[in-house]
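Below: the structure, in structure tokens.
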Amino acid sequence: MKIPVEDVVEASEQAPEPAETAHADVAEKEAAAMADTAEGMTEEEMVEAAIRAGEEAADNDFKLKYDKAAEELAEVRAELTQAQEAKDAAEAKAADAVNRHARLQADWENYRRRTAQERLDERARATEKLVEALLPVVDDMERALDHARGQELADDFKQFVDGVDAVRAKLMGVFDHEGVEAIDPKGEAFDPNIHQAVGRVEDAEQYDETVNDVYQKGYRMGGKILRPAMVTVTYGGSKRPAPEPEAGSEAESADTETTAE
């Protein structure tokens, strides 16, 4: 049994339509070729040919869609890569800005502390120079007061001496406010770090190397020796015993020994 050519063409037109124009043209050409060769084919052969033509058209359409999807995926991946690179560059730039800000902040803090300390040091040096310039004045006032108090004075002159002593007391109050301390070590152990020995006195009744006389007081300011005390030092006596440890030090030593055991 033969099938008319019109049926073959109609069967081929009912196959799945391609998604793109180029593949539609190919399908039309294939349908025309099938129409040309349909004569002399059985019905089953024509059906099989139509099915194959439809499958090929569907395959071509699927391949076209797949290729297009692959291209779109590649474009999306490229855009994603560019976005990631831009994100990384922005994060690196932000991190660099944060680090530069932190360094600038640290530099500013160091500069502020340094300048503040420099101002304090300059003030301390200026005060030291003023105090050192006033020390001879204090020495003269104290020597004058000591000499006057060793004399028989009239009442009005005693009042004058008391006034000079009051001025000296006010000056020493200013020294005390600025952290200036007098070094008057009579009877204390000689310390070459804060005392200047100008003579030796033999005295067996005192410990060896004891300050016997203070010719001139010394002064310190904030732990710095502005002027050592000028003293005489004894010799010929017994050695000064070592200072006894404080109660707190003894307790700490006992705890240390207990822990070691």
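The values are calculated or read from the model by the stated rules, or taken from the named source; none is laboratory data. These figures come from a predicted structure and were not determined experimentally. Ideal geometry is used to build each Cβ from the backbone, glycine not excepted, and the neighbour counts take in all protein chains shown. Ligands, DNA and RNA are excluded from the accessible area calculation, which covers all protein heavy atoms including side chains. Shrake-Rupley method; radii C 1.70, N 1.55, O 1.52, S 1.80 Å.
Descriptive notes on the structure:
- Which listed residue is touching a helix residue (DSSP H, G or I) at 6+ places or on another chain (Cβ under 6 Å), open to solvent by less than 60 Å² (accessible area, probe 1.4 Å), in contact (Cβ under 8 Å) with a residue 24 or more places away in the chain and assigned to a helix (DSSP H, G or I), from M141, M172: M141
- Any hit, region 53-60, residues being open to solvent by less than 90 Å² (accessible area, probe 1.4 Å) and modelled with pLDDT of 80 or more: no
- Conditions (1) over 30 Å from R123 (Cα atoms); (2) at pLDDT 90 or above: number failed by Q196: (1)
- Residue within region 98-108 that is open to solvent by less than 70 Å² (accessible area, probe 1.4 Å), assigned to a helix (DSSP H, G or I) and touching a helix residue (DSSP H, G or I) at 6+ places or on another chain (Cβ under 6 Å) present: no
- Meets criteria (modelled with pLDDT of 70 or more, open to solvent by 40 Å² or more (accessible area, probe 1.4 Å), among the acidic types (D, E) and touching a Lys or Arg at 6+ places or on another chain (Cβ under 8 Å)) for E244: no
- Where a residue in region 181-196 is in contact (Cβ under 8 Å) with a residue 12 or more places away in the chain and its partner, wherever it lies, is aromatic (F, W, Y), with Cβ under 6 Å and at least six apart: A182/Y219
- Unmet criterion (only one of (1) within 30 Å of G222 (Cβ to Cβ); (2) in contact (Cβ under 8 Å) with a residue 24 or more places away in the chain) for A116: (2)
- Applying the condition of being at pLDDT 90 or above and of a type in the set (S, T, N, Q) to region 207-239 and asking which residue is surrounded by the most Cβ atoms within 10 Å (Cβ to Cβ) yields T210.
- Within region 203-224, residues that are at positive phi and part of a loop (DSSP other than H, G, I, E, B) reach partners that are among the hydrophobic types (A, V, I, L, M, F, W, C) and buried (at least 18 other Cβ atoms within 10 Å of the Cβ) with beta carbons closer than 8 Å, at six or more positions or on different chains, in the pairs E209/F190; E209/V233.
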